[in-house]
Amino acid sequence: QLQLVESGGDLVQPGGSLRLSCAASGFTLDYYAIGWFRQAPGKEREGVSCISSYDGSTYYADSVKGRFTIPNDNAKNTVYLQMSSLHPDDAAVYYCAAPDSYSNCPIAASAMAYWGKGTLVTVSS
């Protein structure tokens, strides 16, 4: 059974950096896509980034473009979200997710079949 576990959430000051991890088990990321989503209190869940590991295609929401990257380490079966120049608006619970079949990034939340439980990112001075 495919499982996704996020980690790395923390309290960070504005302008700081943080690296989130999404560790996968039960499948090999080489041939799957992984998306990152976030949800802040009072706001809808939004797509942040996505990577298609099998072809290297990536997607970034306009709100994070130029500040976030989504590297992966197939040897560790892990996808990361490298966040820099963090804003208070970036504070949210961050989730990683995967579809159950071939999909090209970006992938809507409604198309994702597997979700992690989330990791909390707090941005405050």
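Descriptive notes on the structure:
- Accessible area of the chain belonging to carbon and sulfur atoms, whole % at 1.4 Å probe: 46
- The alpha carbon convex hull volume per residue for the chain rounds to 91 Å³.
- Those lysines that a straight Cα-Cα span of less than 23 Å connects to K65, excepting residues fewer than 8 apart in one chain: K43
- Local electrostatic count at P14 - Lys and Arg +1, Asp and Glu -1, tallied over other residues with Cβ under 11 Å: -2
- For the peptides 39-51, 22-34, the ranking by mean Cβ contacts within 10 Å, running from highest to lowest, is 22-34, 39-51.
The values are calculated or read from the model by the stated rules, or taken from the named source; none is laboratory data. All values reported here derive from a predicted model rather than from experimental measurement. Glycine also receives a Cβ, built like all others from the backbone with ideal geometry; neighbour counts cover every protein chain displayed. We work out accessible area using only protein heavy atoms, side chains counted, and drop any ligands, DNA or RNA first. Shrake-Rupley method; radii C 1.70, N 1.55, O 1.52, S 1.80 Å.
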